Amino acid sequence: MSLMLNWLLDLQVQEHNHPHILLLQIGNTFCKLPGGRLKPGENEIEGLKRKLNSKLGANSPTLQPDWQIGECVAIWWRPNFETIMYPYCPPHITKPKECKKLYVVHLSEREYFAVPKNLKLLAVPLFELYDNVQRYGPVISTIPQQLSRFQFNMIQA
């Protein structure tokens with residue numbers, strides 16, 4: 001089984017005082033959470049930081065984000081080679097093909113990202129994700145429900 005780690009960002013947008021999720025857009029339609037696969041024997045948190053640095057880290061050592069990995073908010077399972085993922089591992093599956101974990105990543109007040117030319121970094125408000133399976137898929141569209149157990153404290157600058 002491979003472990004795929006993705007992330008969520010607790011990003012405060014002061015204009016609307018509403019949390020947004022950072023997504024990478026491929027082309028004009030497909031969106032995904034930054035993240036990727038762990039190396040064999042790699043710690044989840046260190047692997048997630050490595051993937052975030054490789055996907056979004058600037059090439060300058062002085063501009064590297066200080067990734068603060070928070071709580072795991074969701075775990076999704078792919079039992080076999082089909083594309084469908086479930087928020088639980090079916091009981092008859094002993095060796096699932098993939099496990100995807102979503103973490104909250106706390107950002108400082110100001111961060112610099114380097115986004116590859118073929119991708120676009122989007123800040124999407126939670127209300128746009130909610131129940132929007134057609135556009136964001138079954139995992140990303142449930143992020144608002146997964147985050148509903150958290151209390152967001154908006155900081156006024």
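The values are calculated or read from the model by the stated rules, or taken from the named source; none is laboratory data. Fair warning: this is a prediction, and the values are worked out from it, not measured in the lab. So basically every Cβ, Gly included, is an ideal-geometry build from the backbone, and we count neighbours across all protein chains shown. When the accessible area is computed, the model is the full protein with side chains, heavy atoms only, and any ligands, DNA or RNA have been set aside. Shrake-Rupley method; radii C 1.70, N 1.55, O 1.52, S 1.80 Å.
What is the sum of charges, Lys and Arg at +1 and Asp and Glu at -1, for the other residues whose Cβ falls under 11 Å from the Cβ of ASP66? Before the final figure, lay out the partial values.
Details: positive: LYS49; negative: GLU111.
Surrounding charge for ASP66 is 0.
Across the range 9-147, how many lysine pairs separated by 8 or more positions, or lying on different chains, have Cα atoms within less than 13 Å? Qualifying lysine pairs in the range 9-147: 7. Ranking PHE113, PHE81 by solvent-accessible area of protein heavy atoms (1.4 Å probe, all protein chains present), from largest to smallest, gives PHE81, PHE113.
The angle separating the long axis of helix 44-56 from the principal Cα axis of greatest extent in the chain is about 60 degrees. When you restrict to C-alpha pairs under 8 Å that are six or more residues apart and normalise by the size of the chain, the relative contact order lands at 31 percent.
Given a 1.4 Å probe, how much area per residue of the range 9-147 is accessible, in Å²?
On a per-residue basis, the range 9-147 sits at 59 Å².
Determine the share of the chain's accessible area contributed by carbon and sulfur atoms, expressed in whole percent, with a 1.4 angstrom probe.
On the way: 4980 of 9450 Å².
Ligands and nucleic acids excluded, carbon and sulfur give 53 percent.
Rounded to 0.05, the FRET efficiency of the GLU82 and TYR112 pair, given R0 = 25 Å and the Cβ-Cβ distance, is 0.05.
Taking every protein chain into account, the 1.4 Å probe leaves VAL139 with about 20 Å² of accessible area, to the nearest ten. Put LYS120, LYS49 in order of accessible area, highest first, and with a 1.4 Å probe you get LYS120, LYS49. Shown in residue order for the range 133-149 are the 3J(HN,Hα) couplings computed by the Karplus curve 6.51 cos²θ - 1.76 cosθ + 1.60 at θ = phi - 60°: 5, 4, 8, 10, x, x, 7, 5, 5, 9, 4, x, 5, 5, 7, 5, 7 Hz (x for Gly and Pro). As an equivalent ellipsoid, the range 9-147 spans semi-axes of 25, 20, 15 angstrom, where each value is the square root of five times an eigenvalue of the C-alpha gyration tensor, largest first.
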